[in-house]
Amino acid sequence: MCIRDRIMKLTGKERAAWLKKLNPSTTDVYDGKNTATITTRLIDVIMKNSMDVRCEVLGELKALNGTSKRRYSRMEYISPIHYIIRGRLHNGYIKNISISGLFIEGPCSEGHKLYPGEPISLNFDHPETKKHLKITGTIARFTKTGLGVTFTESL
């Protein structure tokens with residue numbers, strides 16, 4: 001059993017005592033009383049959630065902390081998409097999506113040079129509500145495997 005698993009099995013008080021021994025300066029004062037550390041309370045809250053929620057929280061924390069280039073975390077979402085660039089209809093598959101954009105996997109240029117900042121119109125089903133969306137955006141990046149898009153408006 002790894003140390004993380006052992007720590008997670010401790011009660012809140014046991015975990016707070018253990019963390020206090022490791023770093024006594026991490027305790028906080030709440031209502032004039034010495035309480036469990038913020039870290040311990042945060043771990044307790046996080047561990048009560050599913051792994052998907054934990055990953056989402058981690059992505060958001062990375063974005064806030066500046067350790068991620070993205071402002072919002074992305075979730076895997078494989079779904080067909082139809083999109084229009086320069087008046088031409090293209091088809092592909094969404095690989096991942098966030099509030100502010102998505103990545104389309106597949107051949108996108110079909111012999112035409114694409115540029116960051118170009119407008120794009122997208123038609124796809126929302127990952128949670130399954131409602132059909134028509135949304136605009138701009139090309140953020142273009143790779144050999146696909147196309148990154150930033151939405152004009154957040155989902």
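The values are calculated or read from the model by the stated rules, or taken from the named source; none is laboratory data. In this text, all values refer to a predicted model and were calculated from it rather than measured experimentally. All Cβ positions, glycine included, derive from the backbone under ideal geometry; neighbour counts span all protein chains shown. Heavy atoms of the whole protein, side chains included, go into the accessibility calculation; ligands, DNA and RNA do not. Shrake-Rupley method; radii C 1.70, N 1.55, O 1.52, S 1.80 Å.
Going through the stretch 102-130 one residue at a time, which ones are within 21 Å of the chain's Cα centre (by Cα) and either loosely packed, with under 12 Cβ neighbours inside 10 Å or at positive phi (or both)? Lay out the reasoning, then the answer.
Here is the first cut: in the stretch 102-130, the ones within 21 Å of the chain's Cα centre (by Cα) are 102-105, 122, 124-130.
128, 129, 130, listed by residue number.
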| Going through the stretch 131-155 one residue at a time, which ones are over 17 Å from residue 88 (Cβ atoms) and either open to solvent by 50 Å² or more (accessible area, probe 1.4 Å) or touching a Gly at 6+ places or on another chain (Cβ under 6 Å) (or both)? | 131, 132, 140, 141, 144, 145, 150, 151, 152, 153, 154, 155
| message | List pairs: first residue in the stretch 125-152 and acidic (Asp, Glu), second residue part of a strand (DSSP E or B) and open to solvent by 90 Å² or more (accessible area, probe 1.4 Å) anywhere in the structure, Cβ distance under 7 angstrom, at least six positions apart or on different chains. | response | 125/132
| field | Count of residues meeting criterion [at pLDDT below 65 and not polar (S, T, N, Q)] in the stretch 28-61 | value | 7
| remark: When (1) in a helix (DSSP H, G or I); (2) open to solvent by less than 90 Å² (accessible area, probe 1.4 Å); (3) modelled with pLDDT of 60 or more; (4) charged (D, E, K, R) are applied to residue 21, the one that fails is (2)
| request: For the stretch 78-100, name all the residues that are in a strand (DSSP E or B) and small (Gly, Ala, Ser). | output: 79, 92
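Do you know which of the residues in the stretch 62-77 that are part of a strand (DSSP E or B) and surrounded by fewer than 17 Cβ atoms within 10 Å (Cβ to Cβ) is modelled with the lowest pLDDT?
In the first step, residues of the stretch 62-77 are kept if they are part of a strand (DSSP E or B); the result is 75-77.
Among the residues that remain, those that are also surrounded by fewer than 17 Cβ atoms within 10 Å (Cβ to Cβ) are: 75-76.
Working: 75: 82, 76: 86.
So the residue we want is 75.
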| message | Test of understanding: among 117, 148, which residue is farther than 30 Å from residue 11 by Cα, at pLDDT 90 or above, in contact with a strand residue (DSSP E or B) (Cβ under 9 Å, 6 or more places away or on another chain) and part of a loop (DSSP other than H, G, I, E, B)? | response | 117
